[in-house]
Structure formats: C-alpha cells, structure tokens
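Read-outs: derived from the displayed coordinates by stated rules, not from any lab. Since we're looking at a predicted model, the values are computed, not measured. Cβ placement follows ideal geometry from the backbone for every residue including glycine, while neighbour counts extend to all protein chains displayed.
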C-alpha cells in the first residue's frame, strides 16, 4: 500500500448567502457563475460561491435533473421534466447572452423520447439530493414557500414533498463544447447519442446504444476533452495528448477530413469506450481491468483522463496517461485505455471528481452514515492535500469542483426544512505549498510541483534543485546531489558546486558537473576557468578517453582557445592540434607547430592555405619567429602576401564573431580579436594582399631580409596602390634607410639553434622544454638557402639615389633629408635640399667647400654653385609664394643675407673673382639689397681689390642718387606751387564775394528758380533736386573719398607698429623715417571735430582766431556768436580743412 504524505494545501472558508436555504436538484459551475436547479424547474444563477443571486428563470414545469455549462461559451444545457409523462427528460439549450424582455434566455428544445421510444418510467431512479439516505428520507422540498419565515401561513399550509419522491429517467449527461455531440445515459442502461448542433438544428440525428460488454446498471457517460479526438482518415487534428492517445496521424490541413469521437461509459461492472466515426459507426472497447462504479463516482479531467471509484473495492483508478499515450503508434489499440494509476481509499465512495491535478474523493463512514470524509489525492506525487480539519463533513449533499475552487454543500437535518452549510476550498499559493514541502524535506515533490505550477518561472525551479542538492549532499548522496546541481545550472553559481566537490575523492562527480556546464543548452554559463578545471580533471585522472570524447562532442560549448592552451600545457599536443583545426583557430595551430612540434615549414605551408586577413594576422604575430628560423622561405611568403596572395581573398565581412558565437562568448579568437579587422575596416584593405607597412616589424632582427622584402614590394608597384599615404611613406622611408645603411646583417640576434636542427639558421630561437620534449624541427623538411647576397654599398647608394629621383612624393622629404645627412650621402643631401628649396642650406654647404677646399677647380665649381644658388633663391617660386602669404620680409632678409655673404666670401677670396664680384654688385644694385655705403665698406676689407672692379658700380650709384635728388627737387617745387594756389583760393574766399551766374540746375538742367541752393564749388541746384541740402550732388562723392582718405592717413600715422616693422624690413631706414615723418607720425595729435558748411558750429585744430570780415550788414554778435565766427574764420584759414569740404 502506498504511503501518502499529508499537507494542508487548501484554505477553507464558510460561505454565507441565499444558497444556504436553496433547494437543489442539480448544480454545476459555469463561467464566473454557479447554476442551481430546483424542484419547480427554476434555474438560479449565483456568483461562484453562492453569496448573491444574480438572476433566475423558469426552465421547466417540473424539477431540473441535470445541467452542464460550457467553458468556452456562455451556454447552459439542462435536462428536466415538464408536467406530463410525455414531457420527461427534455433537453434545453440556453443562450445566456440572449434574453427576452422578461429576462428569460433564449433556448432550443430537444426531446429524446417519443411514441416509438417512450421513457422507461418503470425503471426511473430517485434523484440524488444527499449522500446520506437518512437525510433524504427525512427532509422535504417545499418549493418557493419554503423560503418564507417560519410560522408563515403558506409554509404551514403546505405539506412538502420528500426528497426521495423525485425521480428521473436520466442517470448521466454530457455534451461536447461545440454542441455537435450529446450523450444521455438512461436508467434502462441505454445511451442516447445526439449528433448535430443542439443550438441550431431542430432535428439532429439520434442513436441509441447499449453495451454488449457490461451487464449492470449504467452510471456515467462522458466525452474526453469535448470528444473531438480522432480524424477517421488518419489526421491528428489537435496534436494534443488525447490526439496522440488515439494514435492516428495525417494531413491536418484537409478540410474534408471528418472527426471521430470517443465516449466513455461507466457501468457498475465495466468501463468501456465507444469509438464514434463520422460515418455513423459505433464500436465499443473494454477498458482493463474490469471495474465498475456507482453513480457520481466517475469523472473526466481536461487531459482526457477518466477517474473511477470502484464499486466493489477500495480502489480509485485513473485510465489513460499522457506519458504513455504520447508513445502510441498510428494504429488504434484498445489497450491504451487501460488504467494507469490507482489509489486505495477506505470507506464507501460517494463522489469522485477532478480538481486540477487532484482527485477529489468523498467517502461515507460505514458505521456513522452522517459523517463524510473529503480527500484530495495527488496521484503523481502521492500527496493528500486537505488537512484533517478540512476533510471532515456532515451530511454532504453536493461537491463541486472546477479549475478554481472546490465547493462542499452540507445539509443540516435539524428540521424537515432544508438548511445548508457551504464550505469553499481554495488551493494555496505555490510558494506556500513549496514551503510546506521544504519543511518536510520533500524536495523531489517540490520540484515537480514547481515545474507544473510555475512553468515560466525557471528561477524558482532551479532554486528548488539547489536546495534539493544541498539536502542530498548533506546526507552523503553525492551522485544524486550532483544531478540536482546540474539541474540548477544557470541559477546556482558554479563556484558553489566546485568548492563542494574539490576533494579528490569526488573528482568524478565534479567532472560530470563541469561536462554538463559546458553543454550548449545552458547558454554559455561556463567560462574559460571552468574549461581549464575540467581539462585538468581529465589530466589528473589520466583519462585520455574522456578528454577525447569531450573535445569531440558537438553538444557542448567552450572557449576553444583556452582549451588549446590547457592541452598544450599538459602535453596533449595532438588534442590541441585537433581543437585548433576543428574550431578554426589558425593562430593556435601555428603556435603548436612552432613552439610544441617544431615544424616551422608545416606552419608556413598551413599559412599559405589561409585567407589574406588571417594570414596577415598570424604573420603579424608569429612572422618574426618564422623569419629567424627559415628566413628565405618566410620572406618569400611575406612578399607573396603583400604583392599577390595565391590563397583565398580577404573576407568582405569578418565572420569571426559569428563563428565564435557558436562555441564561446568569453573571448574572441586569439588571432581574430587581436588582428582581424571588422567588416567596415576590412573592406578598405586590398582584397588579395596585405599592406607592407603592417609587416615591417616582423623583420626587426633581419635587416637583409627586410631589404629584399621592401624591394620586391616597391618593384611590384603594390606599395603605391592604396590610399594610405602614411603607410606608403613608411615603406619608402624604411627602404631608403636600408639602402643607406653601410653594413646590413642577415640577423642581429644571436641565439642557439633548436636541438636536432642542424640545417636551421644559427640565429633561430631555442625551443622551450616542452617543444624539445615533443621533438625538434624536422631537419629533413627544412630547406635552407645560403646567406642571401647583399649588394655592395656603392650600388645600394645608386639605388637610394634612384629611389629619391623616381619616387618623389612617396617618401617623407624631411625624413629622407635627415637620413641622407645622417649617412653623409652628399648626392642625396644636395638633391633633397634642392627639392625642398632650402637654398640657405645649399649655400652653407658650398661656402664651406669654397673656403676650405685646396683644389682650385673645386673652389671654382663651388663659386658657380654659390652664385647659382643665390639666383635660384631670387627667382624661386617659394620667394613669390612667401610674398603672397605675407612673409615677404623674411624671404627678402634670407635673400639679402645670402648675397651679402656671397659678396663677403668673394671679397675674402685669394682668387681672381673680379668678374663674379661685378655680377654680385649688379644683383645688389638691381634688388636694392644693401646701401652703397655698406657695399663700399665690405669691398674695402680686401686691400688687393682694384678700383676698376667697383668703379662702374660706384658711378651708377652716384648717378642714381643725382637723379633722385633732381626728382625730389621737382616734386618740392610742384607741391609748393599747389600749396600757394590753395592758400590764394582760401584768401579769395575769405576776402571777396562769390558770384554765381548760372541759371540752370546742375542736376535736372531745368531753369533755376527759387528756392535755389548755391555751393562754393560753383554748382547750383533746385532745393528739391538736392539729395542733402548740405552737400553738392556732384562733389559729395569725391568729398567723401577725400575725407575717408584723410581719416585713414591719420589712423596710419598713429600706428607705430607699422612704422617699426617697415624700419626693420627695409634697407634704407632714412627713407622710412622720412616717409612716416611726412605722414605726421611725429606730430602732436590733432583734436578733430566735423564742420558743417554754411551753418552750425565746428571747431578745428589750433586756437580760435578773430573773424576778419565786413560786418556792414550790422547785426552785432553776442559772446557765443563771436566764438562761432572765430571758429569759422580759423576754419577758412586752414587749407586742409577746405580740402576736406
């Protein structure tokens, strides 16, 4: 006998309301409502707990015997009797959403009895109104009058009807959710099957069935999951467990496929199932074992399982199981309907029904019929869900259950009037149930319950697994504990489990946990430390088989690079090679070949098979070692990589991230993450080659190989075929430096060759202990050439000169200049100085030669070069661009200094340089580079210089000065005459009247009439023609220009910075001083105020003077007017002010 654990998984509540006094002949749960039928044929609609009645309607003239509410639609199906024998067991379908004016729902009626098939009135069964027969015999139904207060006249007058007097021909009724099939079990053991839509069809098809298996009374009929389970042509329509239960598959998209249905029938001696096809075929099958049930002791759940409380034993059996049904094949097998679960329940079973995963069983005490026990059994977990207090009841009349509540209705036999006690049982929250299970260490049940109740809350399920694992670990059940910890992966920190199983005796369990941790289904919970620990466990156990199985599994995920590293450290080089090859880790593969297996040529051959970007990344990292070990072969590969790669082209988009996402999220590939470009960056690089500048560092210890590498790249022209100007300059600058280096070594690093590598270069790096143990490089496969030939230094200098001349703009000019000067390459130095137009540097170079050389021919050449350099400086584009950019002064200073220095050099020379001095003097004179006095001073420093050398220069300068003096005197006379004329005009204005004789307007040429305005400039206008009455239309533009010019001159005169700048830039300082003296820079600042002609006050420089004029018109002046007149007089005495007007 199974042991059932007792828990209090339900909360009980006593419900108060009108249902307490309600007479009940039939009841059922509906959608958010409780339906109750009484003896007078009225259907009462309450809330779910009977606390309040919503409405009621008359359904029959007699009692309502059976009812069922649909779950998916607001429809109620009832069976009841009307007022005559011909109207027994009438089926009515009520649409509760459609009501008439009186509030009665619309209905469709169907009759199952007729003259041909009369009702079995001789075999009618009493309605069950209470499970205690003593109560049934005692209590009476009074109808609506029974609800009145005691002592009421109507209540006292009526005698009432005993409960036992109400009988019915129907023992059970069920209907499918689509109303297409209805089954009614009769008291004569017949089953009436109605096929057709009860809501719409008036005359559906009726078929009467009778079991050929059972011999006793029929007690239950029911359609599992609505009955639509099987497509007769083999199509499994709903794919549910019950669809698999029937085991037929096919094309579910065939609209013409008709469904078959299942119908359970329970008798007192057998349980059978009927298969009903759309063709009207009815086939009955037995359900093993043989067992029967009394009325109300059978029920169906939502999954199609049938629970039956045996009428002959204490067993309760459940027929059908999802896990079993899911394995059924496509052929119909009656054995699939056998009982799969059972429980032994003491007492007489009176009611059996399903509530969620529980089987609710109501039993009656044999010795005390008024006492009942209501129990909730969880068959899967062997749990009783009600507490002791919740199980005991008295005189139970009805037990209802749906997916939300359990309702127990008990009748109180204190009088012959119905008085009921209603108890509501509601399941506890999942967390509360789990806490009870934890308190009794029922972790396995808690796991199952949490998985079913909180399918979406994976965190809670994993938390339970962790607690269960701790419980098992504390009991020393390590194998079972590790199973639970494995289930908790994702919620439980792996380090928690690892600490528990680090003991060497539990290393096998730890290994199993770590293996599962790397499974793909756990979404990358494992990191590289876990992989390292797992591989170390394998190595500690020396379990090479498990190690190989692990690395060959396809359902795990780990950091491949880290696994390779651990295998290499443990000496598993073949396994590391396999991992590198499987997970496409080319960098690690090359490392193994170089550092562990000593096979550089194999590594190089492998690199040749890679795409450009991967080969570039690997050679960037390991190229230095390859060049030291096999310099010629490695250099050849690098040249191919940077000119035309024979392997796959560069990937348009870097797929390393996507590739590694399928095996690790801890780090990208060691090579790809470090060196491979992203898709955008990779698309900018050449598709079939790498950039040479990115690989120059590989040859840091092998300059001769670098020279051959760069020569090949430059000769191929690929160094110029990309947009990276800086990279191109690096290539050419490095190649130029190698050309200029006097001594180029094959290698500048001296290390011992690997053991057993006699043909390897003596400069190859020594192998590590691990690689020595694994084997030295294969000497038979390493082909070495003799030391590469390096051209003579003189020839390399020619190459350097050719590079400078042919590849202008591809190298950095100043870097190249520094290189040629550093290596004392004179040809290159002069070439670069000329290209950069650094004439002062060229001048310095040749001046040194001219002064220090003992060879007359060399001095002569240097002398010509000096003159040519000065002339180039004079006519260079740089000189003109400097002038345009505001640097004229600096350029002129450089030019002047060069010519003065050249003149000084020639004067100091002991050779005959009279002709050259004459040429220099001509340039100095033409460019006005030096005052004649300074030139004579320089020339006089050479005592041997003859007068005829400078005679012509002196005469020309004297003549030029004489001409300049004559010109200045003419200018003085001209300016004096203009000044005198202006003074005379001013005096005339002051002393005599101005006569205006014009009779036409100078603006419109019309006759001049009043009002007219005359200006001193002899222009006359109509007043209406003037733009401004204070200005002449004709002279105002020129007047404004003069005023503006005067203002600019005044501002310039006050700007001392320009004066000092000009004084420093120009040779003739006296001329600069004279020019700025004329501008008035040395005068006292003037106080200017604008004057208004012909009126207004205006003050000018100087003190006020008395007005000389005729005051014959009379009109004396007061003091203020006299001041104004003085200002006006002073104004006319200053010619510059008149010019401003």
**Request:** Quick one, can you get me the convex hull of the C-alpha atoms of segment 464-615 expressed as volume per residue in Å³?
**Result:** 108 Å³
**Prompt:** Simple spin-label model, 7 Å along Cα-to-Cβ: residue 370 to residue 814 in nm?
**Reply:** 11.6 nm
**Message:** Quick check: residue separation of residue 439 and residue 1074 times 0.36 nm, minus the Cα distance between them. What number comes out in nm?
**Reply:** 217.2 nm
**Item:** Whole-number Å³ per residue for the convex hull built on Cα positions in segment 1-107
**Value:** 163 Å³
**Asked** Relative contact order (percent) for segment 1-133, with alpha-carbon contacts under 8 angstrom and 6 or more residues of separation?
**Response** 15 percent
**Item:** Order of 557, 970 - criterion: other Cβ atoms within 10 Å of each residue's Cβ, fewest first
**Value:** 970, 557
**Complete:** Percent of all Cα-Cα pairs per 5 Å bin for segment 416-502, counting from 0 up to the last occupied bin, reads 3, 14, 22, 20, 13, 9, 4, 3, 3, 3, 2, 2, 1, 1, 0, 0
